[in-house]
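The values are calculated or read from the model by the stated rules, or taken from the named source; none is laboratory data. Nothing here was measured: the structure is a model prediction, and the numbers come from that model. Here the Cβ is made from the backbone with ideal geometry for all residues, glycine too, and neighbour counts use every protein chain on show. Surface accessibility is based on the protein's heavy atoms, side chains included, excluding ligands, DNA and RNA. Shrake-Rupley method; radii C 1.70, N 1.55, O 1.52, S 1.80 Å.
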Amino acid sequence: MAGALSVLSDDSTLSRIDRRFNAVEKVLAFLSGLAVLLLRVLAVVSVGGRNLFNAPLPGYVDWIQQFMPLIAFMGISYAMRDGGHIRMDIVIGQMKGRTLWLAELITTLAPLALILLLIWGSWAHFDRSFDCTRPLCSSDSSIDIALPLWPAKLLAPVAFSVLGLRLLLQLWGYARAFAEGVTQPVAVPLVKSAAELAAEEAQHVSGARNGED
């Protein structure tokens, strides 16, 4: 599993687009975190209502169903930008220079192809649920309190589209690094060595102990 340096920036067009797009990713990640908080509040209300008044929150499971795509998908592009996803770099970690950037380019193309298929499939799934000839434009709804499901289903293709754009930016960054032969390209996460990760961890632990003192 790899850690990552902070994504580098400069005055290039790629870097400016990366910073502006990252602002969008931060908003989506914030909404995902807010959904987690709201779901916990609903849990407290439901459990408290059940224990105190024998009246749990109606449709609690239905609301979970609505919130889960927001929690699961909206932060994935933000994590991708900073290299936060789990990855195996036993081979790539030994590479340097253009060889490394070519390998990163190839390994970014594969998830991009998968994401494009997921966008297509999740949009088709949403489209089957969205029908404005019916009440609330919904052809299906949740079991308990009949919440329309199409808003939750729409979140998947939206989040995957944002991730697809992030992957395209990273492809641009790796292709630029390969063409120019730079050692620290912008707009892509840079892999740390095991020694660098260990040094950072030691520094973090040391700083925490000093703070306690």
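Please identify the pairs in which a residue from the range 118-144 that is in contact (Cβ under 8 Å) with a residue 60 or more places away in the chain has its Cβ atom under 9 Å from the Cβ atom of a residue that is surrounded by 12 or more Cβ atoms within 10 Å (Cβ to Cβ) and assigned to a strand (DSSP E or B), counting only partners at least 6 apart or on another chain. Pairs that qualify, where the first residue is in contact (Cβ under 8 Å) with a residue 60 or more places away in the chain and the partner is surrounded by 12 or more Cβ atoms within 10 Å (Cβ to Cβ) and assigned to a strand (DSSP E or B), are 142/148. Considering (1) open to solvent by 50 Å² or more (accessible area, probe 1.4 Å); (2) free of Cβ contacts under 8 Å to residues at least 40 places away in the same chain; (3) of a type in the set (Val, Ile, Thr), say which one residue 71 fails and leave the rest. Condition (1) is where residue 71 drops out. In the range 170-188, the residue that is surrounded by the fewest Cβ atoms within 10 Å (Cβ to Cβ) out of those that are assigned to a loop (DSSP other than H, G, I, E, B) and of a type in the set (A, V, I, L, M, F, W, C) is 182. Checked against (1) under 17 Å from the mean Cα position of the chain (by Cα); (2) touching a residue at least 12 places away in the same chain (Cβ under 8 Å); (3) in a helix (DSSP H, G or I); (4) over 18 Å from residue 154 (Cβ atoms), residue 23 passes all but condition (2). Being within 14 Å of residue 152 (Cβ to Cβ) and in contact (Cβ under 8 Å) with a residue 60 or more places away in the chain, is that true of even one residue in the range 45-59? The answer is yes; a qualifying residue exists. Every condition in (1) within 19 Å of residue 170 (Cα to Cα); (2) open to solvent by 90 Å² or more (accessible area, probe 1.4 Å) holds for residue 44 except the one numbered (1). Can you tell me how many residues in the range 182-211 are polar (S, T, N, Q), modelled with pLDDT of 75 or more and within 30 Å of residue 165 (Cα to Cα)? Within the range 182-211, residues that are polar (S, T, N, Q), modelled with pLDDT of 75 or more and within 30 Å of residue 165 (Cα to Cα) number 2. Residues in the range 95-152 that are of a type outside the set (Val, Ile, Thr), open to solvent by 60 Å² or more (accessible area, probe 1.4 Å), closer than 23 Å to residue 170 by Cα and assigned to a helix (DSSP H, G or I): 9 in all. Which one is farthest from the chain's Cα centre (by Cα), of the residues in the range 74-94 that are open to solvent by 50 Å² or more (accessible area, probe 1.4 Å), closer than 19 Å to residue 111 by Cα and not hydrophobic (A, V, I, L, M, F, W, C)? If we take residues in the range 74-94 being open to solvent by 50 Å² or more (accessible area, probe 1.4 Å), closer than 19 Å to residue 111 by Cα and not hydrophobic (A, V, I, L, M, F, W, C), then 87 is farthest from the chain's Cα centre (by Cα).
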